[in-house]
Amino acid sequence: MINPYFQQLPGSYLFSEIARRVRAFQEQHTGRPIIRLGIGDVTRPLVPVAIEAMHRAADDLSRSETFHGYGPEQGHAFLREAIVSSQYLSRGLDIEPDEVFVSDGAKSDVGNIGDLFDARTKVAICDPVYPVYVDSNVMDGRAGELLPDGRWSNITYLPCTEANGFIPDVPSRNVPAPDLIYLCFPNNPTGAMASREQLAGFVDYANRNGSIILYDAAYESFIDGDLPHSIFEIPGARTCAIEFQSFSKLAGFTGVRCGFTVIPKELIREGASLHALWNRRQTTRFNGASYIAQRAAEAVLGTQGRAQLKETIRYYQENAALIRNGLSSTGFTVFGGEHAPYIWLKTPDKLTSWEFFDLLLNKAQVVGTPGSGFGPHGEGYFRLTAFGSHESAEEAIVRIAESF
Ligand code: MLT
């Protein structure tokens with residue numbers, strides 16, 4: 001009766017486990033406030049254009065002439081068109097509005113996309129990795145058995161290490177070509193960013209082997225410089241890639257909820273159009289993102305909205321630089337934080353990631369995320385986010401420096 005694969009999952013989702021340990025610590029200790037640099041959740045208020053658009057949308061809902069009930073499951077045309085023009089046409093990329101599926105966030109889509117694939121589908125993921133890619137495949141029965149080293153027997157792992165700059169190589173010739181390859185750039189958790197050439201390597205591989213790249217671009221707004229913001233900047237991606245995007249990090253919508261997925265119509269496997277399958281899936285299981293959220297998303301993609309967003313992103317980028325530089329000068333080995341809101345550091349004194357988590361919580365009252373929670377190659381690393389305030393980032397660095 002119960003889906004047996006759920007029972008294979010480890011006890012709790014990574015961020016729930018962190019929240020549980022922090023609560024337990026708080027119950028036993030009073031004293032200075034905890035600084036939370038664990039989950040990558042935004043803290044800055046929404047930009048004015050988003051708030052104004054939400055007020056206007058609420059007014060629309062208050063009058064019968066402008067009222068909106070169910071919208072299209074794929075998203076309102078006004079938002080699909082705004083996404084194409086702001087995120088794709090502006091970069092010379094040919095994406096049609098009806099290739100964009102608006103949703104309540106990238107996390108849902110990244111998990112739900114598994115509905116299109118059967119249990120024999122072979123999956124490759126980076127290690128370390130955003131846990132949703134792994135856990136959702138476990139739930140769907142594609143992961144196999146959990147091995148003692150924390151890997152799953154049927155998943156192909158693409159190690160991201162200091163030696164390869166945390167950018168994995170394409171799967172080795174010695175393993176069967178995976179059907180699905182999950183990539184996320186700028187990367188969560190390591191903060192690494194892939195070059196055009198590196199992404200082109202994956203696109204070539206996928207087209208040669210019939211793989212599909214599931215490309216999570218949730219952090220693209222943090223890219224600084226001439227690097228690819230979308231997998232569709234890479235020639236050939238339209239026949240092998242699906243892209244997930246989010247307004248959570250772009251516009252601070254973690255509580256508003258809005259994201260989108262782009263599936264090109266040329267993406268065909270075993271004679272089936274992935275675009276048509278996803279449309280079928282969404283129309284059956286999803287009733288569209290909220291009208292108010294979609295109006296706010298449309299607004300932030302306009303000229304004024306983009307200018308306002310830039311300020312917020314800059315604020316977080318300053319935090320990232322502050323944490324990165326502060327930790328380096330304290331003697332930590334630090335990565336990421338340049339094109340991403342995540343700083344990836346090596347734990348000192350060969351501490352395990354969870355040992356460092358507990359020590360940091362006890363000594364500095366700073367919460368981060370243990371690297372091992374993102375996969376076996378994350379062991380010995382630790383992630384801090386830049387999504388707090390300047391004051392908390394500064395204070396965290398002072399406390400860490402005093403403690404180590
Ligand atoms: C994280 O901390 O990795 C993110 O908050 C995850 C997410 O966006 O769901």
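No lab work stands behind these numbers, since they all come straight from the coordinates. Since the model is a prediction, treat every value here as computed from it, not as a measurement. Virtual Cβ from ideal backbone geometry, glycine too; neighbours counted across all protein chains shown.
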Q) What's the center-to-center distance, using Cα atoms, between segment 165-237 and segment 30-84 in Å? A) 29 Å
Q) How big is the charge dipole of the chain about its Cα centre, in debye rounded to the nearest 20, if each Lys and Arg gets +1 on its Cβ and each Asp and Glu gets -1 on its Cβ? A) 400 debye
Q: Using just the helices of the chain, give the 222 nm mean residue ellipticity in deg cm²/dmol: DSSP H runs with n ≥ 4 each add -39,500 (n - 2.57), and the total is spread over all residues, rounded to 500.
A: -11500 deg cm²/dmol
Q: Report the extension gain between ASP118 and SER64 in nm, rounded to one decimal, defined as 0.36 nm multiplied by the number of residues separating them, less their alpha carbon distance.
A: 15.0 nm
Q: Mind telling me which of ALA24, ALA297, ALA320 comes out most flexible in a GNM of the chain, alpha-carbon contacts under 10 Å?
A: ALA24
Q | Among GLY191, GLY11, GLY378, residue whose mean-square fluctuation peaks in a GNM of the chain (springs only between Cα atoms under 10 Å) | A | GLY11
**Q.** Gaussian network model of the chain, springs between alpha carbon atoms under 10 Å - residue of LEU360, LEU199, LEU79 with greatest fluctuation
**A.** LEU360
Q: Quick one: order PHE67, PHE244 by neighbouring beta-carbon count within 10 Å, fewest to most.
A: PHE67, PHE244
Q) If you wrap the chain's Cα atoms in a convex hull and average its projection over all directions, what's the area in nm²? A) 21.1 nm²
Q. How long is the gain from ARG281 to SER85 if the chain were fully straight, where each residue apart is worth 0.36 nm and the alpha carbon distance is subtracted?
A. 68.0 nm
Q) For the chain, what proportion of DSSP beta bridges, expressed in % and rounded to the nearest 5, is antiparallel? A) 55 percent
**Q.** Mean separation of Cα contacts under 8 Å (6+ apart) over length of the chain, as relative contact order %
**A.** 23 percent
Q. Sorted by average packing, counted as other Cβ atoms within 10 angstrom per residue and highest first, what order do 167-177, 219-229 take?
A. 219-229, 167-177
Q: Rounded to the nearest 0.05, what FRET efficiency do HIS55 and ASP349 give with R0 = 41 Å and r taken as the Cβ-Cβ distance? Could you check?
A: 0.20
**Q.** Sparse-neighbourhood loop sites, trypsin sites (Lys or Arg not before Pro) in segment 24-133 - DSSP loop, at most 10 other Cβ within 10 angstrom
**A.** ARG63, ARG120
**Q.** Cα→Cβ-extended label distance, 7 Å offset, between ARG173 and HIS29, nm
**A.** 5.3 nm
Q | Segment GLU311-THR333, extension gain: residue separation times 0.36 nm, minus the distance between their alpha carbons | A | 5.0 nm
